[in-house]
Structures are given as structure tokens and as C-alpha cells.
Amino acid sequence: MSHVAYELSTQPECWERAAELAPAQRPVLPRPADRIAIVGCGTSYYMAQAAAVLREEAGQGETDAFPASEFPRRRRYDRVVALTRSGTTTEVLDLLAGLREAGVPTTAVIGDPATPVMTLADEAVVLDFADERSVVQTRFATTALTLLRAHLGLHTDSVVADARAALAEPLPAGLESHGQFTFLGRGWSVGLANEAALKMREASLSWAESYPAMEYRHGPISVSGPGTVTWSLDEAPDGLAQQVCATGSQWVAGRLDPLAELVRVHRLALAVAAQQGLDPDAPRHLTRSVVLTAGEEAVR
């Protein structure tokens, strides 16, 4: 079994542990009405997108999400939360160092505490039980998001039950034979759709796209057709499934909690990789963490 296959299979247990941990971490996580930003890179950025929408929809305060490299340093926040599995990503470390100089409180949600991020963030929530050996992220990302959902009072036991169902139930027949995938979301699940597409690209080299579901009619539906898959991670807008099916694309309707639907996509990515003879533990051109040299860093 590949590292990533094992790690994605442990997500329900990791989510349970994160939910249990959340109350004790309340003092270092954002307070209601705080104006905050959540930052990350790659997968962590997409989890930040999802968490930001959840927090605003819960009435907890203005919440933005940025890639660490694109953080608007002139904008003021009460706290910045950084999601970083490795604790070594250059853009995250540079941002945290700058925020410390500016006096902005920071919290890092991390997988590996034996890393430089521990000395740069004011506070840290360690999810070492969800850390991963794989390059391709699965359980750390979804566990970090579960922690933030639980902090907002939005996590329930049914989410874990859905994750177990996502691991146990067969995938829709024939999906792994397709080479083009589109993922759709609404609200907080737009970030999950972005992450679903990234997983397909990373693990299986598939052509994968993602969109807010209501935007799909505004041009992107033109890529749908025979041999493609369109997967809605959340409740689809009225009539969209029929329009997509009319193109000849295979439609997959999300039935589970959107985070559990993402677990189903994790499984699909591995199935497609296996069919193509790819090793998901050795994705092309990728490393576990992006660590830049001085000459590679962008001047901001």
C-alpha cells in the first residue's frame, strides 16, 4: 500500500481527534468578531478558502484567505492563521517573520512541530497525529479544516460517518477510465472543489478543473462532453445536472458531507493513478515542501 493510500484511509480517526482537540485550543484560535486571515500554500490555501467562508457564514467575523505569497501586508488583521503541514515552506515562514515584526498575532496549525515555524508563530496547534510521509496531502489538510470547523461549532459525528462511508462504498463505475474531470462547489465547498482538482492533477496527471457551481454555465460547461466527468461536491443548482448530462459528460452528484466527498475524490485520484501505472508517492516535479533559495525568492 502506498503512503498516500494509507493516510487517506485514516481520515475519519484523525477528524475525531481534531474535534476532540478543538475546545482546548480555543484560546489560540480566532475569537468571534476578530478580523482574520487564513493563509497557506497549495492544498493548505484551498483549505483556508473553505474555512474562511465557513467562518463568515457562521457570523464569526470578517475572514479572508490568501496564498502566503499573496498576503496583502498593508491590510490589518486581528490574527493571521497559517496552515502548514511541513512547517518549512518558504513563503509561510517569510510571512510569519514579517507579521511578527509588524506585531500581528499569528497562529500556525502544523503537522511537524520540529520545524522553524514553531519559532516564528506566536501560537501553534500541533496535529502531529495527522502528519504525512506522502508528498500528496490528504489527511493533514482535511484534519486541519476539521479542527477549524469544530472550533466554529460546525463539526458533527455525521461528518465522520460520511467519511467512513466515502472509504467503504464503491466509486461510481467507470470513472477511472476518464481523463478529464471538473469539480464544482458552492460556498465553502468551492475551496474543496479547488482541492479536488489539485489532487487529480498531482496524483494522476489528469486534466482537472474546478468552479463555483453557478459559474459553470458561464462558459466552462463548454469543456464537458463524452469522456469527461463533472462532479458536484455539494448540492447542485437546479437544472445543472440535466444540462451537464446533455453534453454527454458523466455527472456525479455529491451525497455526503462535502469534506467526505473530497475523500471520495482522494480515492478516485489513486484509482486513476493505478490505471495509468503511476506511483502516487512520487508525483512528477513535486516535493513535500517548497523550500526556496535566496535567489528564487520573490522580492515583495
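Projecting the Cα positions of 134, 263, 183 onto the charge dipole of the chain (unit charges on Cβ atoms of Lys, Arg, Asp and Glu, taken about the Cα centre) puts 183 furthest along the positive direction.
Couplings for region 231-242, taken from phi via the Karplus curve 6.51 cos²θ - 1.76 cosθ + 1.60 with θ = phi - 60°, read 10, 9, 7, 10, 4, 7, x, 3, x, 5, 4, 5 Hz in order; Gly and Pro are left as x. Phi-derived couplings, Karplus 6.51 cos²θ - 1.76 cosθ + 1.60 at θ = phi - 60°, listed residue by residue for region 263-279: 4, 4, 5, 3, 5, 4, 4, 5, 5, 5, 4, 5, 5, 8, x, 9, 9 Hz, with x used for Gly and Pro. Just the number, please: carbon plus sulfur as a percent of the accessible area of the chain, 1.4 Å probe, no ligands or DNA/RNA counted. Taking all protein chains in place, the chain shows 51 percent carbon and sulfur surface. Return, ordered by residue number, the residues of region 109-130 whose backbone nitrogen is under 13 Å from a label point located 7 Å along Cα→Cβ of residue 13. Label zone hits: 129-130. With a/c under 1.5 counting as rounded, go ahead and sort the chain into rounded, prolate or oblate using the C-alpha gyration tensor (a ≥ b ≥ c being the square roots of the eigenvalues; past the cut-off, prolate if a/b is larger than b/c, else oblate). Since a/c reaches 1.5 and a/b is larger than b/c, the shape of the chain is classed as prolate.
For the chain, the dipole from Cβ point charges (+1 on Lys and Arg, -1 on Asp and Glu) about the Cα centre works out to 340 debye, to the nearest 20. Please state the shape class of region 171-263: rounded when a/c is under 1.5, otherwise prolate if a/b exceeds b/c and oblate if not, all from the C-alpha gyration tensor. Because its axes are fairly even, with a/c under 1.5, region 171-263 counts as rounded.
Basic side chains Lys and Arg get +1 at the Cβ, acidic Asp and Glu get -1 at the Cβ, and with that the dipole of region 201-296 about its Cα centre reaches some 220 debye.
Between 0 and 90 degrees, the angle of helix 90-102 with respect to the longest Cα principal axis of the chain falls at about 40 degrees. What shape does region 111-156 take by its C-alpha gyration tensor, where a ≥ b ≥ c are the square roots of the eigenvalues and a/c under 1.5 counts as rounded, a/b above b/c as prolate, and the rest as oblate? Oblate is the answer for region 111-156, as a/c is 1.5 or above yet b/c matches or exceeds a/b. Peptides 145-157, 54-66 ranked from most to least packed give 145-157, 54-66, packing being the mean of other C-beta atoms within 10 angstrom over each peptide's residues. The long axis of helix 157-168 is offset from the longest Cα principal axis of the chain by roughly 50 degrees.
About its Cα centre, the dipole of region 63-175 is roughly 240 debye, where the only charges are +1 on Lys and Arg Cβ and -1 on Asp and Glu Cβ. Candidates 156, 96, 226 compared by Cα position along the dipole of the chain: farthest toward the positive end lies 96, with charges placed on Cβ.
Residues in the chain average 42 Å² of solvent-accessible surface per residue, probe 1.4 Å, ligands and nucleic acids excluded.
The values are calculated or read from the model by the stated rules, or taken from the named source; none is laboratory data. Computed from a predicted structure; not experimentally measured. Every residue, glycine as well, gets a Cβ built from its backbone with ideal geometry; the counts of neighbours run over all protein chains shown. Keep in mind that these areas ignore ligands, DNA and RNA; they rest on the heavy atoms of the full protein, side chains included. Shrake-Rupley method; radii C 1.70, N 1.55, O 1.52, S 1.80 Å.
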